[in-house]
1. Scan 184, 189 and give me the residue that is aliphatic (A, V, I, L, M) and closer than 22 Å to residue 88 by Cα.
2. Could you list, in sequence order, the residues of the range 169-181 that are at pLDDT 95 or above and touching a helix residue (DSSP H, G or I) at 6+ places or on another chain (Cβ under 9 Å)?
3. Could we say that residue 120 is outside the structural domain of residue 302 (by TED's automatic domain parsing), among the hydrophobic types (A, V, I, L, M, F, W, C) and within 16 Å of the ligand (Cβ to nearest atom) here?
4. Residues that are part of a helix (DSSP H, G or I), touching a His at 6+ places or on another chain (Cβ under 8 Å), under 22 Å from residue 48 (Cα atoms) and of a type in the set (Val, Ile, Thr): does the range 255-271 have at least one?
5. Show the residue pairs meeting these rules: Cβ distance below 8 Å; 6+ apart or different chains; first residue within the range 116-132 and surrounded by fewer than 17 Cβ atoms within 10 Å (Cβ to Cβ); second residue in a loop (DSSP other than H, G, I, E, B).
6. Would a scan of the range 253-267 turn up a residue that is within 26 Å of residue 191 (Cα to Cα), buried (at least 19 other Cβ atoms within 10 Å of the Cβ), among the basic types (Lys, Arg) and more than 16 Å from the ligand (Cβ to nearest atom)?
7. Working only within the range 144-168, note down all residues that are part of a strand (DSSP E or B) and under 20 Å from residue 208 (Cα atoms).
Amino acid sequence: MTRHYNFCAGPAALPAPVLERARDELLDYQGRGLSVMEMSHRSPEFVAIAKQAEADLRELLAVPDDYRVLFLQGGASLQFSMVPMNLLGNGGSANFLYTGIWGKKALAEAKKLGFATHLAGSSEASRHTEAPQRADIELAADAAYLHYTANETIGGLEFDYVPGDEEGGLHRDDGKVVPLVCDLSSSILSGPLDVSKFGVIYAGAQKNIGPAGLTLVLVRDDLLDRRCERIPGLFEYRAMAEAGSMINTPPTFAWYLAGLVFQWLKRDIGGLEAMDAINSRKAAKLYAAIDGSGLFSNPIALRNRSRMNVPFVLADERLDKPFLAEAEEAGLLNLKGHRSVGGMRASLYNAVPEAAVDALIDFMADFEKRRG
Ligand code: PMP
């Protein structure tokens, strides 16, 4: 069996030790004579798995006690509607920073549901190559929260700062603190994070957390009472928090695998500081190779270059196809850019080893020598 290097943007590579452990436990979970997939979500075995996963995540991210951790379904995309439904019950507008495709979708969904929206900052003038600076953010007078995408997975633009003030959000002109809501789908767990700067954090699992089908939401307690009255029970953060994310059947196997990923991060990697250093090294190498070449280029401002998703183009588009075909032959998978933008994209999530990046860099240099 050969496992190739997988640069997919999501569902993405999973750590080999996690898959091996899941394989070993697949038919018989710890002598219980059944797999995790076949257990009741209310059984003591699964409840222990669920609790351990939450405890490990809390430890990794140093999640303060006044935050609830929810294990939900519907993907990050469902949060585009759940966030306004849960935070706009007392009125006010949803404010957005627009730095790429995902942030735009979040805004469009809030608007579609009939909520008041306000564009508080944008990177459109730079064609999404440079994130807005703190001083450029203009909140609406009635802003109820500010939503942004920490890392735009398709454009490869990552915020180099948390756009909040000291107290868990930003100050409106009237002095009120507006909580920050952050889509961290493609950069959560890539390094340490100060959770206390945010009101709500959410992330689809299929990049740095585990398999698709699970969505992680962290929400500060005081925000649980801002929900709109008439929303489906499954969409209510408060109801989900009170039910331990088990109003109905949760995605048990994905939750279990996420728990294994958290243990891998703790034990094999040594925590998020260590992960951070590895990720910085991986990204720096690849960007250096791109910048040093005459064939490949990346347009993002240095301060906003994503560590997780590295889009690049070839100087001659006609070389795209051979590049992808030869890469695949060399065991370097899923380097094609998103269908909406074309070009290439190498996603360097936590489970992509440094050796994969080295192999990609060698391949790119060789390709340029032969075809550039
Ligand atoms: N936000 C970001 C930043 C993403 O990268 C993605 C998926 N690539 C989404 C939201 C949507 O996630 P999902 O497919 O889980 O709905």
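1. Every option except 184 fails the conditions.
2. Within the range 169-181, 179, 180, 181 qualify.
3. no
4. no
5. Cβ pairs passing all conditions: 126/301; 127/299.
6. no
7. 148, 149, 151, 152, 157, 158
Listed here are the residues, each with its yes/no results for (1) within 16 Å of the ligand (Cβ to nearest atom); (2) touching a residue at least 40 places away in the same chain (Cβ under 8 Å).
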{"position": "137", "(1), (2)": "no, yes"}
{"position": "140", "(1), (2)": "no, yes"}
{"position": "153", "(1), (2)": "yes, yes"}
{"position": "157", "(1), (2)": "yes, yes"}
{"position": "160", "(1), (2)": "no, yes"}
{"position": "164", "(1), (2)": "no, no"}
{"position": "170", "(1), (2)": "no, no"}
{"position": "176", "(1), (2)": "no, no"}
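The values are calculated or read from the model by the stated rules, or taken from the named source; none is laboratory data. Being a predicted model, the structure only gives us computed values, none of them experimental. Cβ sites come from the backbone with ideal geometry, for glycine too, and all protein chains shown count toward neighbours.
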